[in-house]
Each structure stands twice: as structure tokens, then as C-alpha cells.
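The values are calculated or read from the model by the stated rules, or taken from the named source; none is laboratory data. No experiment lies behind these values; they were computed from the predicted model shown. No Cβ is skipped: glycine too gets one built from the backbone with ideal geometry, and neighbour counts run over all protein chains shown. Areas reflect the complete protein model, heavy atoms only, side chains present, ligands, DNA and RNA absent. Shrake-Rupley method; radii C 1.70, N 1.55, O 1.52, S 1.80 Å.
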Amino acid sequence: MMKRFIWDGGMLLPRSHRTIVTHRGDRPRSMWSMMMLSSSSPTAARSVTALSSPGASSSPSSWSSSSSSHDPTSPPRDGYPERTSHAPSLSLSSVSSLSIRRGLTTITTLPSSSKEYGATLFGLPNLRSPNEFVRLANNAIRDCDAIRSKLATSLSNSSSTSSSSSHDNAVAKAKSTLRLIDDISNIVCTVIDAAELCRSVHYSPRWRRAATDAFGILSEYIGSLNADASIYMSLRRFVFADDRGDEYDGRTGISTTHSALLLELPREYQRMAMAMRREFERDGIHLSYNKREEAREMNNIIVGLESLFTSNITEKVKYFDVSGTEMISMVDDIVPRHVLGQLVRRQTAISPNHRSDASSNADDDAGRLTLSSDALLCNTLLAHSPSSALRKEVYVQSHTSVPENLGVLDSLIRYRHLHSSLLGYRSYAHRVLSDRMVLSPENAMAFLNEMERRGKDVFRRDMDAITHVKRKMEGGYGDVEPWDVPYYTSLVKAQRQFVRWKEDDAGGTTGADEDGDDFDEYSQFVGYFTVENSIEGMKVLVRELFGITMREVNIPIEERWDVDNDASDSGSSSSTGDYNGGGGRGLRKFVFHHEVDGILGTMYFDLHPREGKFLHAAHFTIRCGRMRNDEDVDEEGRWGGRDNDGGVQWEDKGDHQLPIVALVCNLSPSSQSSASMAQLSHSEVETLYHEFGHGLHSLLSRTSFQHLSGTRASMDFVETPSHLLEAFARDPGFLSQVLARHYVTGRPMSVRKARHLALSHLDFRGLEVQTQIVHSKFDQALFGPNPCTTSLGGCTSTEMFERLHREAGVPFASGTHWHSRFGHLVTYGAGYYGYLYSQTFAADIWTSTLASSSTSSDLRREGGTKIWKEMLIHGGARDPKEMIHAVLGREPSVDPFFNGMS
């Protein structure tokens, strides 16, 4: 008789399939933080139509628990795969009555707090009703146009070789020009980032529609910014002291001009100048007017295709039937009926089309069960169903659920390649990687080949283990099919956990703190993870690593987005449920305060699913941090505002724009009265801590420019901090002393269980890495010099996907096309290798600096401070290679990554 499985919130996508929405997918692709990855632009949408058709201890090494003792009787409070988000990626301080004089112009800026306007959504001025969103977007355009006009006037009144201008004036002019360009970026981003978050998570459809309208308006406006010759020539004349037209190398996307004036600027200003010029030139500013217009139209098509590909993944649901009492009973044994009812519709009666003749399927008499392609449901059935027939049906149906995207992807590959060729690049991959750490597609492939070579023995061992168990259970000599992998890896993991447990018993390695329970593969780690425990763990982490406290504050109703607070509909706001005091199912808000530096910023937590909310996990930037005065930065680009006592302070008093971010997840729903009591799977905790790492990267950076703030760094580096924080969710010392406490008894997880949980993470790591390598090589093949589209003489994407799986030995089912729902092809196109790339850095830093089981509290603070001051604080304002070297004291190595695997 089958033992009923415990629903733990279920099978999330693998870690490698999370996304960082640092701009709806990551770094925007153009001058202003890159360019939208999606757009509601009517022009873009129309362009796609014709293209998408087919064609707590006291020992020195222990973690101290929270400053107040944990009460297991108090209701704890409350993700999913991931993203980091700042919409396009500009960021701005928007419109208000305040103004600051900077160089060439006076601009309006975001107030330092909502006190000046009263509580509003995201703290944006007067954003109390949906119709204000479009007004804010238009005001942002008005303010940016004023700056553009000033830059154009200044450019026309000046000479690139003016000898009357003193050296000091030239330096001041260069700094002022860069700050003005960042002002434009900052103004647009504050509104468009807020719109991106609102349209993704707000409970009210009217708010979501209004945010989508504002997002579309500013998306189109960004296109005009990227093609503004006055901004570009101001940059060349006033910063590079060069306005000749022959210095650009289109093959590399790197300007060859390095003027003496540029080299006299602080390092961060130099990096900002080079980044902005590269982004302008990568987007075709150097082309003739006609070619620029052609590139702009092509880009509109690309943005529309990206949006369509993403929306198809989100909106298309495939329903399919399984029949027969045995099959239906098996589904019911794996997924509780109430959960199934939330995901699919169930039909137990005989089908209306049932025929009574002999050719009718007899199973129809027993009823029929309709399933859907929902990822949570399908991943759970694949991992737990002993029926090969059910697994195959679920796998094939879920991996062919978005056939429309095959045509969309074909058009996207074509237009990305043609667009990049027009701009002077060999391929889209060459264009994208020209400013990444890896620099070129050739280097990316060399990295992937080396990773495959180093990991092949572990991968083969993993596959041999699955094959052995399958043949033993099913008989014969059948090969491992892709629908076998989740099920048999789950079985082997359980078997390995049991063997390790018994080996501990035999070796006498259990400690005095062990609970003495027998091994139970189904409930071994269940009940130890809740939202509240996870947040308490975060508080301990930031306090011990950085000297930071997380203080929860109340959220006015006007500031919430988990309720219908549309003031235009009624005089009072309505709620989706209990939201007061942070203990309900909705939104929570934390202010971060450093023991010396003061307030650092604000982080919202929006952790549970609800109607209208997007389905994955993401870090959204609402407002980036940046300096407000040149005096805040010394000649080395170091940050530091001084108060009257000489201490560093970062209160939002005009010298620094404090960052505001949101962590958005879809964690397991709670059966308790409070969402904070929701039991989480360990995978969900890993996802939550991963996103928290992105949030800290944004909050702890202190840069002169919002364009270089926080996660607006090289995309093959930006996952490093998030992987570091995620590692704490697997660290035995942190698990047993802080993070894992049983939700009923409050008892911490034993050291033994914590160690076994950490070891289970390494099971089948070789297979996971090999699969990531295949997906990364596929990404490179799609967008490389020989793109995978028949319209350009290549093979189809499906043919390439199958070929790479076969060559690597990763199981594949012919006729399926999982890549048609591979959203990273939009958000990480040509850059998916970056996940593995940054994991190698994170593994090295973790091993050398943070591994906590044998680290004292003093050493943890020392390591945390080094990571903050040498890496996180710089955001994208320093070369990632320099930052990693500064933390490690040497060049990075991939050895720790593979040592962990073996």
C-alpha cells in the first residue's frame, strides 16, 4: 500500500531556473539600464502579430539567536523560482516641489520620505489612485526633457576644444554632465520601476492596468533617450573631450578614446562615463539617421516578441486528462484534493462525449481527472509518482504546453541577430557579452567546456545511480527517460539519507543534542521551516555579519499593494484579509539600520500568492540609492557623508537617496490563521534567502550614480551575493542554531539532521550542473554567429536542444520542447551561463570567508565586513574582478565549487 506523501509546498523549479528580475530580467540593455525586457507598447505589440506564426549556543563559534528569545507559541509570520527586478533599469527621483541645483540645470526630485505628502503607494508623490500613475510618467518625461534641453543648449554654445575653459572648470563640467545624465536615468527609473512592481503584484486590476499604461509610456520614451544625439555628444565633448566620429570599434563595442580629462575624474565617474558611452554605441548612436531608425524599429519588434514570449509562458495553461481509478487514485495520494482543486478542474462524472459501444475506453466508466501544466503540480507528480505511465504523460504534456512560443522564439532569434549585425556585431551574443566579465561568446563556451570536463565524473556517477535503481525496480535494461529523473533521484536521495543515518548510528556519531527519533524519509525535515523562522534568521545574519538591525514597521493602508486601496472606487479601502501588524497574509516592511552608518534603506516582503500576482520569485527595485552631492565622493570614489561629529551618516537628508526594494515570492499557502505559520519546504527557504541576497546587494551599495547602484552590475557577477546568502540556508551550523526550529515545539533542528540536510543538497549535483551546462550552451547556440533559425540558414531551436542533450548524455524526449517556456531566453538571452559563472565565485568566497560551522562570531563579522566594504558597497561602480580579488586576496578558483560537488 502506498504511503501518502506529505505536501510540503512542493516541488519548486530547480535553483538554476530562478530568475533575477533586476529589470524584469536583469540589467536593461541600453543606455539607461539596458532597455526593457518587456513592453506594453502598442507599437511593439502590433509588430509581433505577423511574426509569431510558426516559421542558539554560547560557544564562541555559535550563532547568537535573536535579541529576544523566540516564543514558539507566538504566531510566526510570513517566493518561488526567481528574478531581480528593476524594470528597465533607469532609476529616478521623480517630481516634487523640492529641487536641487546641479551644474547646468535645476531638476525636481523625489521627496526624502512620505511625510511631505502623506502615505502613498511606494512613497511616490500623490500616488493615491491609479490614474495618478500616468500623470507621474508624463511628469517624469517633462522633467527629463528639461534636462535634455539644457544639455543640448550647453552643447550648442560650447566648443570641444575651447582653450578658454580652465582645467578645473573642465573637470567640474565633466562631473556635472555625468550627474545630469544620471538624473535623467534616476527620474525615469523611479516611476518605471514602481510601475513594473505594481503591474506584477498589485491586488487591484485597476492599479495593474494603470501601472501597465505608465510602463508602456516610459518604455517608448527610453527608446528616444537611447537615440538622443545631444546626450551622447555632451558625453563625448564634456567628459571625453572628443567629438570626432572615428574612434568607435563596432566589433567590440568598446570606445578606444581615453582622454586625459577622463582619467582625472574619480574612478566611479570614469566607470560611469565608459558604461554610458558603450551603451549608447552598442545601441547604434554611431549609425546614420536612416540606420538608427531601422535599428529602432527592429528593437520595437524585439521588445514585442520578448513580451509575447513571456506572456505566453505566464498565461497559457494546457489541460489534459488522465483516466482510470488507479491513475486517479495515484494522483490523489500525492496531491491533497484541496490543493489539486486550486490548480485544476476535476471531472469525476462520465464524459458527455462518452460512447457506450465496445470501442469506448472502459476507464471512462471510472471517471476522468483533468490535470494542468501548472509547474508546481507537474513537478510534484514527476517526483513522487511510481507510475511510469503517469510520469510520462505529465512530462510530455507539460513539456509541450506552449507550442506558440516556438514561432515566437524563431522570430526573436532572427531579429536579435539582424539587429546586432546592423549595429556592427558578429552576433547577438557578441553584443550582449561585450561588457560582461566573460567578454565574448568564445570565452563563455570555454568556461562551459571546462565546467563540463571537471564535472563529468560526478555526472556519470549520478546517471549510473539512477540507471541502477530503475533497472532494479522495473526489470530489464531500459535507459533512463527524462520523466524518470525526478522520481528516481528522489528515491535514491531518500536511500542515501537512510544509509548515512544508519552509518551515524553504527559509528556512534550522534551527539547529546539529538532527539533520538528513528529515520523517517517522509518527515525527516518537515515542520522545521516557517516564514517567521526564516525572517528571524535574516535578522541574525545581518546583525552578526554587518552590524545591521532589521526593524519591522507598520504600513499605512495607502502604501499597501496587497489590498484593494483604490481610493477612486470608494471612500474606504478594502482588504484581502488580515494584514495588520505584519502578522497577516500580506505585506511586511523592514527598515535596515547600521550601528554606525544609520538608516540604510527599506525592504518590503510580499511572500504569498494571491489573485493578480505574478507566479515566481523576484527582487524588485522601487528606488535605487545614489549620492546627491559631489562632495560625498573623494578622488578614489569612496563614499562618506560626515555628520557634525565626524561620523559617517546616511540619513535621507539630501546627501543620499536611500534605496527601497521589495522581495516578492509565492511561498506555500498556510493552513493556519496566520501566514507566518506557513510551513515551507527547504527549497523555498533557499529561494527566499537567495532573493534576500539580491535585496541586500541593493540596500548595502553606496554609489554616486543610481545607474551603477546595487544589482546594476555585470550580469555574470550579479548572482554572486545571492548565492552567498542562499548558502546559509544549507549551512549546518546556521540551520541547527538559528534557522530551523520546529513550528510546534520550537525545538531547533539537531546538528545531525542539519548535517544530513546539507549533504542531501549535494546528491545529484553533478546531474544538475550538467543540465545547466546544456541549457547554457543552448542559449549560446541560439544567439551566436550561426543562430538557430531556418530563416537564416540554421537548424531549428528544437533540433539544437535535442542535439545538445544527446551529446551531453542528459535524457531527452523527442517531440518535446521545454525551451518554449524557458523564460531566461528573454531575460538572460546569451547570458544564462552567468548562473554557473557566479556560483563558482560564490563557492570560493563562501569557503574562504563565510563558512560558519567553524567560524567564530568575530571572524564572521570580519568576513561580512570585508564582503560589504570590498564588494556589495560598490554595486556596479567597480570592476567585478577587482572586487572579487579584494575579498579573496587572490584570483578566484573553481576548485571549491567542484570540491563541494564531490
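Quick rundown of the values:
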quantity	calculated
Extension gain from GLU595 to THR796, taking 0.36 nm per residue of separation minus the Cα-Cα distance	66.7 nm
Extension gain, ARG747 back to THR153 (0.36 nm per residue minus Cα-Cα distance, nm)	207.0 nm
Protection proxy ranking of 711-723, 485-497, 427-439, 885-897 - average other beta-carbon atoms within 10 Å, highest first	711-723, 427-439, 485-497, 885-897
Accessible area in the full protein assembly, largest first, 1.4 Å probe, for VAL171, VAL664	VAL171, VAL664
Peptide ranges 777-788, 726-737 listed from the most packed, as the mean C-beta count within 10 angstrom indicates	726-737, 777-788
Surface accessible to a 1.4 Å probe, ASP182 within the full protein complex, Å²	0 Å²
Å² per residue, accessible surface of segment 377-491 at 1.4 Å	39 Å²
Hits among lysines - C-alpha to C-alpha of LYS318 under 22 Å, sequence gap 8 or more where chains match	LYS392, LYS613
Estimated FRET transfer efficiency when R0 is 30 angstrom, pair VAL499-ALA808 (beta carbons, to 0.05)	0.55
Under 5 Å, built H, 5+ apart or other chain: amide partners of LEU287	none
For segment 747-757, Karplus couplings with θ = phi - 60° (6.51, -1.76, 1.60), whole Hz, Gly/Pro x	6, x, 4, 5, 4, 5, 5, 4, 5, 5, 5
Percentage of interatomic Cα-Cα distances in segment 769-902 larger than 24 Å	47 percent
Estimated FRET transfer efficiency when R0 is 60 angstrom, pair ALA446-ASN131 (beta carbons, to 0.05)	0.65
5 angstrom amide H check on ILE599, placed H, neighbours 5+ away	HIS594, TRP650, GLU651
Difference of contour (0.36 nm per residue) and Cα-Cα distance, GLU264 to ASP464	66.0 nm
Long pairs among LYS539/LYS866; LYS173/LYS869; LYS150/LYS175; LYS470/LYS493; LYS539/LYS869, criterion Cα-Cα beyond 25 Å	LYS173/LYS869
Per-residue HN-Hα couplings for segment 472-477 [Karplus 6.51, -1.76, 1.60; θ = phi - 60°; Hz; x = Gly/Pro]	5, 7, 9, x, x, 10
Amide H contacts under 5 Å for ASP484, placed H, 5+ residues apart	none
Heavy atoms of PHE801 accessible to a 1.4 Å probe, total area in Å² rounded to 10	0 Å²
Phi-based couplings in Hz for segment 844-849 (Karplus 6.51, -1.76, 1.60; Gly and Pro marked x)	5, 5, 4, 4, 8, 10
